[in-house]
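Enquirer: Attaching a single structure in structure tokens format; questions to follow.
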């Protein structure tokens with residue numbers, strides 16, 4: 001696979017992941033963090049950093065809107081649930097282990 005094709009495949013994969021996360025709002029960020037060690041906010045930070053590396057001026061909230069498909073506050077109001085005690089404990093344990 002040449003570099004251009006590889007980059008196109010990677011970009012398509014990323015777009016698919018973002019679209020999947022937009023469609024599956026029942027998957028909470030804390031669940032993603034506990035399971036995979038990253039969440040939508042992490043993707044937003046990575047997106048912003050990649051833009052910055054390429055000289056594109058993009059702030060964190062703009063990157064969040066790209067990843068969430070709407071302003072973060074709106075997504076949070078519509079879809080974010082309060083973390084359960086178990087979720088919070090799992091997140092804290094992961095943080096203590098340096099995995100988050």
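Enquirer: Test residue 56 against the stated conditions and say whether it is more than 16 Å from the chain's Cα centre (by Cα), without any contact (Cβ under 8 Å) to a residue 40 or more places away in the chain and not in a helix (DSSP H, G or I).
Expert: Numbers: more than 16 Å from the chain's Cα centre (by Cα): yes; without any contact (Cβ under 8 Å) to a residue 40 or more places away in the chain: yes; not in a helix (DSSP H, G or I): yes.
When the stated conditions are applied, residue 56 passes them.
Enquirer: Taking residue 92 as meeting all but one of (1) under 14 Å from the mean Cα position of the chain (by Cα); (2) part of a helix (DSSP H, G or I); (3) modelled with pLDDT under 95, write down the number of the exception.
Expert: Condition (1) is where residue 92 drops out.
Enquirer: Also, I was wondering about something else. What number goes with the only condition from (1) touching a helix residue (DSSP H, G or I) at 6+ places or on another chain (Cβ under 6 Å); (2) not in a helix (DSSP H, G or I) that residue 67 does not pass?
Expert: (2)
Enquirer: Would you check which residues across the stretch 36-53 are under 23 Å from residue 80 (Cβ atoms), at pLDDT 95 or above and in a helix (DSSP H, G or I) and list them?
Expert: Answer for the stretch 36-53, where residues must be under 23 Å from residue 80 (Cβ atoms), at pLDDT 95 or above and in a helix (DSSP H, G or I): 40, 41, 42, 43, 44, 45, 46, 47, 48.
Enquirer: Might you let me know whether the stretch 70-79 holds any residue that is outside any helix (DSSP H, G or I), in contact (Cβ under 8 Å) with a residue 40 or more places away in the chain and buried (at least 16 other Cβ atoms within 10 Å of the Cβ)? Quick ask: steps written out before the conclusion?
Expert: Step one: of the stretch 70-79, the residues outside any helix (DSSP H, G or I) are 70-71.
Those still in the list that are in contact (Cβ under 8 Å) with a residue 40 or more places away in the chain too: none.
Within the stretch 70-79, not a single residue is outside any helix (DSSP H, G or I), in contact (Cβ under 8 Å) with a residue 40 or more places away in the chain and buried (at least 16 other Cβ atoms within 10 Å of the Cβ).
Enquirer: Among the residues of the stretch 46-64 satisfying the criterion of being out of contact with any helix residue (DSSP H, G or I) (no Cβ under 7 Å at 6 or more places or on another chain) and under 16 Å from residue 18 (Cα atoms), which is surrounded by the fewest Cβ atoms within 10 Å (Cβ to Cβ)?
Expert: 50
The values are calculated or read from the model by the stated rules, or taken from the named source; none is laboratory data. Keep in mind that this is a model prediction, so the values were computed, not measured. Quick reminder, even Gly has a Cβ in these numbers, built from the backbone with ideal geometry, and neighbours come from all protein chains shown.
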